[in-house]
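J.: The structure is given below, and queries will be raised subsequently.
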Amino acid sequence: MTYFAEIHRQTGIKHQHGQSWQGVDPEFAARLRLQNRFQTGLDIARYTAKIMREDMAAYDRDPAAYTQSLGCWHGFIGQQKMISIKKHYGTTKGRYLYLSGWMIAALRSEFGPLPDQSMHEKTSVPALIEELYTFLRQADARELGGLFRDFDTARDAGDEEAAATAQKAIDNHETHLVPIIADIDAGFGNAEATYLLAKKMIEAGACALQIENQVSDEKQCGHQDGKVTVPHEDFLQKIRAIRYAFLELGVPDGIIVARTDSLGAGLTKQIAYSREPGDLGDQYNGFLDCEEVDAGQIGNGEVLIGREGRLLRPRRLPSNLFQFRPGTGEDRVVLDCITSLQNGADLLWIETEKPHVEQIAGMVDRIRAVVPHAKLVYNNSPSFNWTLNFRQQVYDTWAEDGRDLTDYDRDRLMSQHYDDSELAKEADEKIRTFQADAARRAGVFHHLITLPTYHTAALSTDNLAKRYFGEEAMLGYVKQVQREEIRQGIACVKHQSMAGSDIGDDHKEAFAGEAALKAGGKDNTMNQFAA
């Protein structure tokens, strides 16, 4: 609805109430409505799900149309990302936010910092989704508030052209609200627990939920050892639970991202139920590390399975976990992905131990032979040493091509000694094009970095502490932070405005008129940043 159409609608509402509403300004009511166009989390989920579905279809037509996101652990961080994206690129199209369970565990749990093992409060996940969208809605209100002031200034000056420009900007305003891919870990329990938590996350605004095939109470970070997977039917129950949650809440376009950790998981907690040879349970059990036994060799408390007329003893550890055969990881990944897509999942997430386009593509080619439009979300993880990995990939390629490598030590390629070398430059170029290459070759629709702001916060804080508490003192802050904010046009340099001071002044003026005690007067030190 356009600005003036909303004013007209609000005027009609006012007239219905006659003189009792004489103090109500329909134009200000229209502004409030435009500043808060999303009334509930479900409104947000439906809106963003539609965006994501359209982006998925665009990617199917052209793999160059891949999407990206960065991980968040606070609403302010997500807000600033979207403000920056709009400032630099003019649109948020193709850019999302990622809600990382790792960062919630490390930074948001009431227990204090925790590893990524699903020990944090499950309610903290929907709480962060709600917080992110609260900050994004505030960014809308702040930006539109500025456009309304531009409109008022032009109108008061009688500048019809400037007023028309401001009105057009209001009518064409693009919201800061974007899809959030939210991490539900392994579901925090059984399928019922997954369903209940999924509903809370969707009600908070999430249109895309990412769930992994690890055992919920044994969950590990995807880039650590000790991962334990569940049989396919257990995982598919949770996928169905999430789909029913989306349908119940009226978000049929909701997206399920099925993540497999099988590539690096060598253990399972249980033997799958199998009705007949070749069914899904039998295929899962076929990956177990077993030895054939006869009846006379059965020991006390042993677990045995029958396959093709043979009696087999799965390798069981003292932890009561069962071990997969070495070298079966990729086969398990492919089966995981195919069965997930055939049972309600929309996107895949394959957790790998390194960022290698051909490794990912090799698995995706096998998946797409069965499900042609299979698409991935890929974790461009800070757990990878990107510099070392890509320098070694270039080294190996050069070795295969017979190039002279006498100036390079493969095991020491991280050394600064190589930073200006030809090999390092080629590796950096491969890092730069990794996302586009993986989108084109390996079916990656969405690239994300899980923990970027965890690392940027640590790095920037270290640099500030080193300078401020050293000889530079206050200059360490002014030169490296505030002056750069001014030079680069960072909106937060006016932190009072960013926190909502101008929005509050608009409200005060509407509520109290000339009696309004506004904060943005001549004595507000934020005026020092007007230039």
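The values are calculated or read from the model by the stated rules, or taken from the named source; none is laboratory data. The shown structure was predicted, so the numbers you read here are calculated from the model rather than taken from an experiment. Quick reminder, even Gly has a Cβ in these numbers, built from the backbone with ideal geometry, and neighbours come from all protein chains shown.
J.: So D60 fits all but one of (1) part of a loop (DSSP other than H, G, I, E, B); (2) in contact (Cβ under 8 Å) with a residue 24 or more places away in the chain; (3) in contact with a His (Cβ under 7 Å, 6 or more places away or on another chain); (4) not hydrophobic (A, V, I, L, M, F, W, C); what number is the exception?
T.: All conditions pass for D60, except number (1).
J.: Restricting attention to region 29-49, which residues are among the small types (G, A, S) and either in contact with a strand residue (DSSP E or B) (Cβ under 8 Å, 6 or more places away or on another chain) or within 18 Å of T11 (Cα to Cα) (or both)?
T.: At the first step, the residues of region 29-49 found to be among the small types (G, A, S) are 29-30, 41, 45, 49.
Those that are among the small types (G, A, S) and either in contact with a strand residue (DSSP E or B) (Cβ under 8 Å, 6 or more places away or on another chain) or within 18 Å of T11 (Cα to Cα) (or both): A29, A30, A49.
J.: Follow-up question, since we're still on this one. Among the candidates P355, P372, which residue alone is free of Cβ contacts under 8 Å to residues at least 60 places away in the same chain, within 28 Å of D261 (Cβ to Cβ) and assigned by TED's automatic domain parsing to the domain that holds K81?
T.: Unique residue meeting the criteria: P372.
J.: Another question, if that's okay. Could you list all residues from region 30-55 that are in a helix (DSSP H, G or I), of a type in the set (A, V, I, L, M, F, W, C) and buried (at least 19 other Cβ atoms within 10 Å of the Cβ)? Explain how you work it out, then say what you get.
T.: Residues of region 30-55 in a helix (DSSP H, G or I): 30-35, 41-55.
Add one more test, that the residue is of a type in the set (A, V, I, L, M, F, W, C), and what stays is 30, 32, 34, 42, 44-45, 49, 51-52.
Those that are in a helix (DSSP H, G or I), of a type in the set (A, V, I, L, M, F, W, C) and buried (at least 19 other Cβ atoms within 10 Å of the Cβ): A30, L34, I44, A45, A49, I51, M52.
J.: Oh, and also: How many residues does region 184-209 contain that are farther than 22 Å from D43 by Cβ and crowded, with 24+ Cβ neighbours inside 10 Å? Reasoning before the result, please.
T.: At the first step, the residues of region 184-209 found to be farther than 22 Å from D43 by Cβ are 185-194.
Remaining after also requiring crowded, with 24+ Cβ neighbours inside 10 Å: 185-187, 194.
Qualifying residue count, region 184-209: 4.
J.: Considering T339, T352, which residue is buried (at least 18 other Cβ atoms within 10 Å of the Cβ), touching a helix residue (DSSP H, G or I) at 6+ places or on another chain (Cβ under 7 Å) and closer than 20 Å to H223 by Cα?
T.: Testing whether each residue is buried (at least 18 other Cβ atoms within 10 Å of the Cβ), touching a helix residue (DSSP H, G or I) at 6+ places or on another chain (Cβ under 7 Å) and closer than 20 Å to H223 by Cα leaves just T352.
J.: Quick one: which helices (runs of 4 or more DSSP H) lie wholly within region 177-295 and hold at least 2 residues that are touching a Pro at 6+ places or on another chain (Cβ under 6 Å)? Break it down stepwise before answering.
T.: Values: elements: 191-204, 232-248, 280-285.
Once the helices (runs of 4 or more DSSP H) in region 177-295 are filtered for at least 2 residues that are touching a Pro at 6+ places or on another chain (Cβ under 6 Å), what remains is 191-204.
J.: Evaluate the following for I13: is it surrounded by fewer than 14 Cβ atoms within 10 Å (Cβ to Cβ), outside the structural domain of A164 (by TED's automatic domain parsing) and part of a helix (DSSP H, G or I)? Before you say what the answer is, go through the steps one by one.
T.: Working: surrounded by fewer than 14 Cβ atoms within 10 Å (Cβ to Cβ): yes; outside the structural domain of A164 (by TED's automatic domain parsing): yes; part of a helix (DSSP H, G or I): yes.
In short, yes.
J.: Related question: Return the total of residues in region 230-273 being farther than 17 Å from G329 by Cα and of a type in the set (S, T, Y).
T.: Result for region 230-273: 2.
J.: Name, by its number, the condition in (1) assigned to a loop (DSSP other than H, G, I, E, B); (2) surrounded by 17 or more Cβ atoms within 10 Å (Cβ to Cβ); (3) within 32 Å of the chain's Cα centre (by Cα) that does not hold for M363.
T.: (1)
J.: Please pick out the residue among I170, I104, I129 that is over 29 Å from S381 (Cβ atoms), of a type in the set (V, I, T), assigned by TED's automatic domain parsing to the domain that holds L236 and assigned to a helix (DSSP H, G or I). Walk me through how you get there before you give the answer.
T.: Details: I104 fails: over 29 Å from S381 (Cβ atoms); I129 fails: over 29 Å from S381 (Cβ atoms).
I170 is the lone residue from the list that is over 29 Å from S381 (Cβ atoms), of a type in the set (V, I, T), assigned by TED's automatic domain parsing to the domain that holds L236 and assigned to a helix (DSSP H, G or I).
J.: Now, a different point. From the list A427, A436, A399, exactly one residue is under 30 Å from A258 (Cβ atoms) and aliphatic (A, V, I, L, M). Which is it?
T.: Details: A427 fails: under 30 Å from A258 (Cβ atoms); A399 fails: under 30 Å from A258 (Cβ atoms).
Only one candidate qualifies: A436.
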